[in-house]
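Below you'll find the structure I mean.
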Amino acid sequence: MYKALIVDDEKIEREGIKFLIETMGLNLTTAEAENGVKALDYLQAHEVDILFTDIRMPFMDGLALASQAKKLNPKLKVIIVSAFGEFEYAKQAIQIHVIHYLLKPVEVAEFLEVVTQVVTLCDEDREQREQTLKLQQVNEMGNRYVQQSSAESPRKVIGEVIKVIHRDYGQDISLDSLAEKACLSPSYLSHLFKKETGASLVKYITCYRLDKAGELLRSTNKKISDISNEVGYTNFAYFCSIFKNYYGKTPAKYREGDPA
């Protein structure tokens, strides 16, 4: 279940949103705040997935709150609920990556559609975080495996294979080429690697290459296409696709530090 914070200086408006969430059986628990300052205090102390906020409120307006909240949690989903639909407000909302802009009085069907879409985005973010964590754990496991490898035959063989991957990740390495270096059949090496490490050989190579790509994007000014080649991907479109699956954003957005 996800957590939603409802921010509005009118209690009846907060209660209205809570009522819609409860009666529609949406997958949300709720908390409230009566202005942007109190909301920001709450966000600093609690994990929140979705922020519903009015625009015109005392002490801190909703757009300022949304901007500060996104700095605290770039994955936070912000929904503006306001009686004011001026273009300038909408333009500012787009600039701070607001997901939706609902006009008061809120229409029930529109509210259900919007919140359902946002919950789906939360689901996708959670799945992405879990996938990225698993892939990072695979890479960390490989590093530990190299450090801990001993003279025991299977462990030593896999340790040597991982060292080759770390050294030659920018080249055209494959299961067949690694098996040849290890003097094993490809099928047996694949089986042994999975047995010894818990991860497939192909997945490990992918994790290591994408970690290196991330480092290069943040620490150098090299062209993204050059980085793609440097980490072993000659097909640039394919590189961009698997990079986005791994990090949850395109290489360009990752380099910029863009939260979207």
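Output the number of residues of region 167-203 satisfying the condition of being over 23 Å from Ile242 (Cβ atoms), under 32 Å from the mean Cα position of the chain (by Cα) and open to solvent by 100 Å² or more (accessible area, probe 1.4 Å).
Final tally of qualifying residues: 2.
Among the listed residues Glu130, Glu113, identify the single one that is assigned to a helix (DSSP H, G or I), open to solvent by 90 Å² or more (accessible area, probe 1.4 Å), modelled with pLDDT of 75 or more and among the charged types (D, E, K, R).
Only one candidate passes the filter, namely Glu113.
Can we say Ile79 is modelled with pLDDT of 85 or more, farther than 30 Å from Glu10 by Cβ and either outside any helix (DSSP H, G or I) or of a type in the set (A, V, I, L, M) (or both)?
No, not satisfied.
Restricting to region 230-252, name every residue that is basic (Lys, Arg) and either open to solvent by less than 80 Å² (accessible area, probe 1.4 Å) or outside any helix (DSSP H, G or I) (or both).
Lys249
Then there is this: In the set Phe236, Phe193, which member is in contact (Cβ under 8 Å) with a residue 24 or more places away in the chain and either of a type outside the set (Asp, Glu) or over 20 Å from Lys156 (Cβ atoms) (or both)?
Result: Phe193 is the single residue among Phe236, Phe193 that is in contact (Cβ under 8 Å) with a residue 24 or more places away in the chain and either of a type outside the set (Asp, Glu) or over 20 Å from Lys156 (Cβ atoms) (or both).
State all residues of region 1-21 that are in a loop (DSSP other than H, G, I, E, B) and surrounded by fewer than 21 Cβ atoms within 10 Å (Cβ to Cβ); if no residue qualifies, say none.
Those that are in a loop (DSSP other than H, G, I, E, B) and surrounded by fewer than 21 Cβ atoms within 10 Å (Cβ to Cβ): Met1, Asp9, Glu10.
Restricted to region 218-229, and to residues that are out of contact with any helix residue (DSSP H, G or I) (no Cβ under 7 Å at 6 or more places or on another chain) and closer than 21 Å to His166 by Cα, which residue is least open to solvent (accessible area, probe 1.4 Å)?
Here the residue is Thr220.
So how many residues does region 85-105 have that are surrounded by fewer than 15 Cβ atoms within 10 Å (Cβ to Cβ) and at pLDDT 70 or above?
Number satisfying all stated conditions: 2.
Would you pick out the residues in region 164-190 that are of a type in the set (D, E, K, R) and touching a residue at least 60 places away in the same chain (Cβ under 8 Å)?
Passing the criteria: only Asp172.
Let me ask another. Of the conditions (1) over 28 Å from Arg155 (Cβ atoms); (2) under 24 Å from the mean Cα position of the chain (by Cα), Leu210 fails just one. Which one is it?
Going through the list (1) over 28 Å from Arg155 (Cβ atoms); (2) under 24 Å from the mean Cα position of the chain (by Cα), Leu210 breaks only (1).
So the check is Cβ under 8 Å with 6+ separation or different chains; which pairs have a first residue in region 200-225 that's touching a residue at least 24 places away in the same chain (Cβ under 8 Å) and a second one that's open to solvent by 80 Å² or more (accessible area, probe 1.4 Å)?
Within 8 Å, the pairs are Leu201/Lys194; Ile224/Phe236.
May I ask you to list the residues in region 14-47 that are of a type in the set (S, T, N, Q) and either closer than 20 Å to Arg126 by Cα or at pLDDT 90 or above (or both)?
Asn27, Thr29, Thr30, Asn35, Gln44
Those residues that are surrounded by fewer than 13 Cβ atoms within 10 Å (Cβ to Cβ) and within 16 Å of Gly25 (Cα to Cα), I need them from region 118-127; list them, please.
Once the filter is applied, which keeps residues that are surrounded by fewer than 13 Cβ atoms within 10 Å (Cβ to Cβ) and within 16 Å of Gly25 (Cα to Cα), region 118-127 yields only Thr120.
Tally the residues that are under 9 Å from Gly36 (Cβ atoms) and either open to solvent by 20 Å² or more (accessible area, probe 1.4 Å) or of a type in the set (D, E, K, R) (or both), restricting the search to region 60-81.
Going through region 60-81 one residue at a time, the tally reaches 4.
Picking from Val164, Val146, Val157, which residue would you name as being of a type outside the set (Phe, Trp, Tyr), outside any loop (DSSP other than H, G, I, E, B) and at pLDDT 85 or above?
When all the criteria are applied, what remains is Val164.
The values are calculated or read from the model by the stated rules, or taken from the named source; none is laboratory data. Here the structure is a predicted model, which means the values were calculated and not measured. Here the Cβ is made from the backbone with ideal geometry for all residues, glycine too, and neighbour counts use every protein chain on show. With ligands, DNA and RNA removed, areas are computed over all heavy atoms of the protein, side chains included. Shrake-Rupley method; radii C 1.70, N 1.55, O 1.52, S 1.80 Å.
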